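The values are calculated or read from the model by the stated rules, or taken from the named source; none is laboratory data. Because the structure is a prediction, the values reported are computed rather than measured. Here the Cβ positions follow ideal geometry from the backbone for every residue, glycine too, while neighbour counts run over all protein chains shown. Accessible surface is based on the protein model in full, side chains and every heavy atom, while ligands, DNA and RNA are left aside. Shrake-Rupley method; radii C 1.70, N 1.55, O 1.52, S 1.80 Å.
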Amino acid sequence: MAARAAVLLLFFLCGGRLSGMTVQAEDAVVLISADSEDVTSETAVPEETESTLTGTYTMAEGWSEDADQSTDGITVYVQGSGAAKEESSTISCSYLDTNYSRQEYEQLRDMLTNNLIYSNVDAQISTSAVYTLSMDYLYIVLVDDSSEDYRNIYNYVVGDYRCFCVQVKEYRAEAEQAQAQDQDTPQESGQKVAESFVWDISG
């Protein structure tokens, strides 16, 4: 169900990818999750409308890129020797093109939340919002299905018609171990990455 939520979260976003791949059809973009066979289609956005906003961020200490899991559009990080573990928390960084300006963050927030609530009845959905160190709006959605041994946290830094997304797949055992050692959990590390983000150009 968490995998379905990750796909349906993108239902109203144009051209964005959190995981998996995007396949261009005649009049639609088909999004395929890497973790499931669920498929969602949406009307394609003309290529010329896609945003060129990019930015920079600081990765949390102790995390390094996993080249095997990363793709052209998504950079995946693991902690320490996590790459050698089958069930290891990850932090994934990517961009999502949207239909919303920076001033329309409330509409974007409501759309993301409503789609998760209606599409994943087994998960507890919680939301919060803060600002980045550069004072950009940062919207956080936590999807927690108690039947799974991990949970997904999505951190969205809102720009003009584009978001920078930090997705955290946090295994409960790793989070508990980090707390016991008085260290940042994967969720906390991912939020710090999002808070450090700075757009290269103003939107």
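Observations, loosely collected:
- Gly15 being of a type outside the set (A, V, I, L, M, F, W, C), open to solvent by less than 80 Å² (accessible area, probe 1.4 Å), at positive phi and modelled with pLDDT of 90 or more: no
- Annotation note: Cβ proximity below 9 Å between a residue of the stretch 118-140 that is among the acidic types (Asp, Glu) and a residue that is assigned to a loop (DSSP other than H, G, I, E, B) and exposed (fewer than 13 other Cβ atoms within 10 Å of the Cβ) (sequence gap 6+ or interchain) occurs for Asp122/Ser146; Asp122/Ser147.
- The number of residues in the stretch 60-87 being in a loop (DSSP other than H, G, I, E, B) and more than 13 Å from Ser189 (Cβ to Cβ) comes to 13.
- Within the stretch 117-141, the set of residues being under 16 Å from Lys169 (Cα atoms) and open to solvent by less than 20 Å² (accessible area, probe 1.4 Å) comprises Ala123, Ile140, Val141.
- Whichever residue in the stretch 89-112 is closer than 30 Å to Glu176 by Cα and more than 13 Å from the chain's Cα centre (by Cα) and, among such residues, is surrounded by the fewest Cβ atoms within 10 Å (Cβ to Cβ): Arg109
- Test: Gln24 is surrounded by fewer than 18 Cβ atoms within 10 Å (Cβ to Cβ), over 30 Å from Glu176 (Cβ atoms), at pLDDT 50 or above and not basic (Lys, Arg): no
- Applying the set (1) open to solvent by 60 Å² or more (accessible area, probe 1.4 Å); (2) closer than 22 Å to Gly80 by Cα; (3) without any contact (Cβ under 8 Å) to a residue 24 or more places away in the chain to Asp149 leaves exactly one unmet item: (3).
- Residue match in the stretch 154-163 (condition: open to solvent by 10 Å² or more (accessible area, probe 1.4 Å), in contact with a strand residue (DSSP E or B) (Cβ under 6 Å, 6 or more places away or on another chain) and of a type in the set (Val, Ile, Thr)): no
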